Amino acid sequence: MNKTLLRTAFLLFAASVLSFSLQAQSNSTDARLSGRVTDASGYTIANVRITAQPENATSPAASASTAADGAFSLILPPGRYRIRFERAAFVPREFSLSLAASDSRTLDVKLEIAQVSENVVVTANSQPLEISQTPAPVDVLTPDEIRQRQLVSLADALGALPGAAIARTGREGGLTTFFLDGGNSNFTKFFVDGTLLNEPGGFLNLSNQTFDNIDKLEVVHGAESALYGTDAVSGVVQLFSHRGATRVPELNLFAEGGSYSSARGGALVAGLLGAFDYSLAGSYLQTDGQGSNDAFLNRSFSGNLGYSFSDSNHLRLTARSNSSFAGLPGPILFLPPSFSQFERLKLLLLHLSWDFRNGPHWIHRFSGHENRTLDTNANPPSFTFVDQFNRAGLQEQSTYTFRTGAIAAGYEYEVENAYPSLITGFHARRNNQAGFLDARWQPLARLTLSAGARAEANTTFGTRVVPRAGVVYALHNGRGFWGDTRARFSYGQGFKEPALEQSFGSDPCFPGNSSLRPERSQTYDAGLDQFLAGQRLRLSATYFNNRFRDIVSFTFDPTTTTACQQGTGTYFNTDLARARGVNLSGELRLRRWLSLDGNYSHDDTRVLKSPNAFDPVQMPGNHLLRRPVNSGNLILNTSYRQWNLNLTGYFCGIRTDSDFLGFGLTHNPGYARFDIATSYLIARGISFTGRVTNLFDKQYQDALGFPALGRDFRLGLNYRFTGRN
């Protein structure tokens, strides 16, 4: 019996060994594909998904993911495969490979940052970075959010972001200005594809800026003059144009109409022709407005053209033209409307850039830009003011990348020209040049350090040097309920050159002051980002403390002379102010079809010094003009099959304001406003769209005396063909 058991056991063991041997022999013909995935700086990328799809499609696809050191390995049967590498925030790459029996191949891959990704920030650093490595507070608006909310106006999009406030002196077409984290309306620098929008001195009227051909919006909080120079005192905003990416062109046509005899239409076409990519768009908007002399007309044309000499050598040209006409009835809650005053605003932007790599570590960028603004403000026959501005510049930046960071150095030269109305018969010109350094270092996997400095020589105020620095530390990395935890801190100094009329004014009664210093800022931001519930919930809190020095004010001397019946006056650096508070925001993805975003801002601003105040609200101790202490927003989006619904609520607390007419009004009441947007997919590519702004017809004012638009509905059709490769 024992011999029988031993014989049986031996036979089973021999069979197992033979089976294993045969299996090993059959698998010995498999090929092995391995390698490492890195970014442009050579830093390894974890969690990249690699998919190997047999080209004969008779076998299932194999997949793997990169480890913490970026390494991967796949065991595949012999054959020809399409190997795809993809990860959020990076541009996917695909290769075709033939693997022979027992082949052992190495494939090292570099992935480029996807600039339009919601996880990537371009504006906050000298090179695009994942948002997790950026110390400055950043808000990003993605293509899906722009489309779901059916955003037309840039101002409406900005007004729903943390720390932001919008002031409109009128309805559509009225002067529209933007305040960020308590800074003045000329303290934020705006770009479209690298071309700045601001006039010399920082002023910008956002009334005719639209989202046509725009894929992404980035808002960087804090002083960024070390990277961007003048005007970046409290933050930077940048818009990114759509890029063609399909061999078969994509097409978007839309038309809508609604309240106040409003009509809007436009088209976009984009695609690829070999190494050439293109995106061209145009739109038209017309409305009669809500009352006398309240009409608004806006035309927009834009193009984004690129050519790739190779994967590491790109040439790109972007152009944008906006022209608008707006009737200006004035502060009709206090005075009878003006029936003749109007404003024509024309803006042309051009940007040409060349990006290329020189070896494994060097990245170079040469660029040139031009901004032309023509602003005509008239009230016939009383007055006509015509302001012409031009800003043109060149920039060179070279970046050395290494495994744990990058160092960038650059030079910038800019020329400003103007024929402003306040400089009668005089051409103002200012030349600026600057050199800057910006560095990023990741000494530990969880720690990212950044620092930079800029030296700028300005015709008006001479040479100034400003620094910036920041740190990001990952307190916890997780994929369960308790997800990633990030702490960040940033510090920066900013400066703003005086407006041209402040420096070069030629009126003998109100001359400019050539000795003006730049307005300056010092900003601190400290924040915490927490992800929960498998990354479906993000909570962020940021404390900011900003101080603004040498703010320019106008000093009026009432002494009359024969030549100057109203007295004389000029400009001086006299004022001091501060802003400190907290921005809270959250994103909740409850289901694939349901999301909720919200934010709240507490912005405690104060006038600290103002010896030349013309109005009581500008006296020390008051909150800064038109910046609410409390504000917030809530955005609900839901999608079910062919239907999408988006509800946005804006909440604005009481603000310090003035009628500037001597009536003694110093406060603007708070309000809540709700917008709704919906779309329904009727057939493939064809959607019915509808939206209502100010759903409950709330009566409110963004600026005292200027009533906001009442309930406004628009209905339309949208045809979208996404294109194919």
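Name the single residue, out of those in segment 531-549 being under 22 Å from the mean Cα position of the chain (by Cα) and buried (at least 18 other Cβ atoms within 10 Å of the Cβ), that is nearest to Glu224 (Cα to Cα).
Out of the qualifying residues, it is Asn546.
Just a yes or no: is a residue in segment 137-150 within 13 Å of the chain's Cα centre (by Cα), buried (at least 23 other Cβ atoms within 10 Å of the Cβ) and not in a strand (DSSP E or B)?
Looking through segment 137-150, at least one residue is within 13 Å of the chain's Cα centre (by Cα), buried (at least 23 other Cβ atoms within 10 Å of the Cβ) and not in a strand (DSSP E or B).
For segment 422-444, how many residues meet the condition of being in contact (Cβ under 8 Å) with a residue 40 or more places away in the chain and not acidic (Asp, Glu)? Please lay out each step first, then the result.
The initial filter retains those residues of segment 422-444 that are in contact (Cβ under 8 Å) with a residue 40 or more places away in the chain, namely 422-426, 428, 430, 432, 434, 436, 438, 440, 442.
After this cut, where a residue has to be not acidic (Asp, Glu) as well, the list is 422-426, 428, 430, 432, 434, 436, 440, 442.
Total meeting the criteria: 12.
Go over the candidates Gly291, Gly271, Gly258, Gly303 one by one and state the one that is of a type outside the set (Lys, Arg), out of contact with any helix residue (DSSP H, G or I) (no Cβ under 9 Å at 6 or more places or on another chain) and within 25 Å of Phe688 (Cβ to Cβ). Steps first, please.
Values: Gly291 fails: within 25 Å of Phe688 (Cβ to Cβ); Gly271 fails: within 25 Å of Phe688 (Cβ to Cβ); Gly303 fails: within 25 Å of Phe688 (Cβ to Cβ).
Exactly one of Gly291, Gly271, Gly258, Gly303 is of a type outside the set (Lys, Arg), out of contact with any helix residue (DSSP H, G or I) (no Cβ under 9 Å at 6 or more places or on another chain) and within 25 Å of Phe688 (Cβ to Cβ), namely Gly258.
crowded, with 18+ Cβ neighbours inside 10 Å, in contact (Cβ under 8 Å) with a residue 12 or more places away in the chain and touching a helix residue (DSSP H, G or I) at 6+ places or on another chain (Cβ under 6 Å): is that true of Thr656 in this structure? Don't jump to the end; show me each part of the working.
Values: crowded, with 18+ Cβ neighbours inside 10 Å: yes; in contact (Cβ under 8 Å) with a residue 12 or more places away in the chain: yes; touching a helix residue (DSSP H, G or I) at 6+ places or on another chain (Cβ under 6 Å): yes.
Yes, satisfied.
For segment 343-357, does any single residue satisfy the condition of being in the same structural domain as His242 (by TED's automatic domain parsing) and assigned to a loop (DSSP other than H, G, I, E, B)?
Taking segment 343-357 and keeping what is in the same structural domain as His242 (by TED's automatic domain parsing), we get 343-357.
From what is left, the residues that are assigned to a loop (DSSP other than H, G, I, E, B) are none.
No, segment 343-357 has no match at all.
Considering only segment 89-125, state which residues are part of a loop (DSSP other than H, G, I, E, B), surrounded by fewer than 16 Cβ atoms within 10 Å (Cβ to Cβ) and touching a residue at least 40 places away in the same chain (Cβ under 8 Å).
Selection gives Ala100, Ala101, Ser102, Asp103, Asp108, Glu112.
Tell me which residues, restricted to segment 236-254, are more than 20 Å from the chain's Cα centre (by Cα) and of a type in the set (Lys, Arg).
Residue satisfying the conditions is Arg247 alone.
Based on this model, can you work out whether Arg171 counts as among the charged types (D, E, K, R) and closer than 30 Å to Gly271 by Cβ?
no
Quick grid of which residues meet (1) farther than 21 Å from Ser126 by Cα; (2) crowded, with 23+ Cβ neighbours inside 10 Å; (3) modelled with pLDDT of 95 or more:
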position	(1), (2), (3)
Glu199	yes, yes, no
Asn208	yes, yes, no
Asp215	no, no, no
His221	no, yes, yes
Thr230	no, yes, no
Val233	no, yes, yes
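Tell me, yes or no, whether segment 293-309 has at least one residue that is acidic (Asp, Glu), surrounded by 17 or more Cβ atoms within 10 Å (Cβ to Cβ) and within 23 Å of Gly265 (Cβ to Cβ).
Initial filter on segment 293-309 (acidic (Asp, Glu)): 294.
In the following step, the residues that additionally are surrounded by 17 or more Cβ atoms within 10 Å (Cβ to Cβ) were identified as 294.
Checking which are within 23 Å of Gly265 (Cβ to Cβ) leaves us with 294.
Checking segment 293-309: at least one residue is acidic (Asp, Glu), surrounded by 17 or more Cβ atoms within 10 Å (Cβ to Cβ) and within 23 Å of Gly265 (Cβ to Cβ).
Hey, could you check segment 601-622 for residues that are assigned to a loop (DSSP other than H, G, I, E, B) and among the small types (Gly, Ala, Ser) and say which is modelled with the lowest pLDDT?
Ala613
Look at segment 477-527 and say how many of its residues are in a loop (DSSP other than H, G, I, E, B) and under 21 Å from Ala577 (Cβ atoms).
Final tally of qualifying residues: 7.
Every residue in segment 365-385 that is under 23 Å from Asp231 (Cα atoms) and over 22 Å from the mean Cα position of the chain (by Cα), please.
The answer is Leu374, Asp375.
The values are calculated or read from the model by the stated rules, or taken from the named source; none is laboratory data. Everything numeric in this text was worked out from a predicted model, so none of it was measured. Positions of Cβ are backbone-derived with ideal geometry, glycine not excepted, and every protein chain shown enters the neighbour counts.
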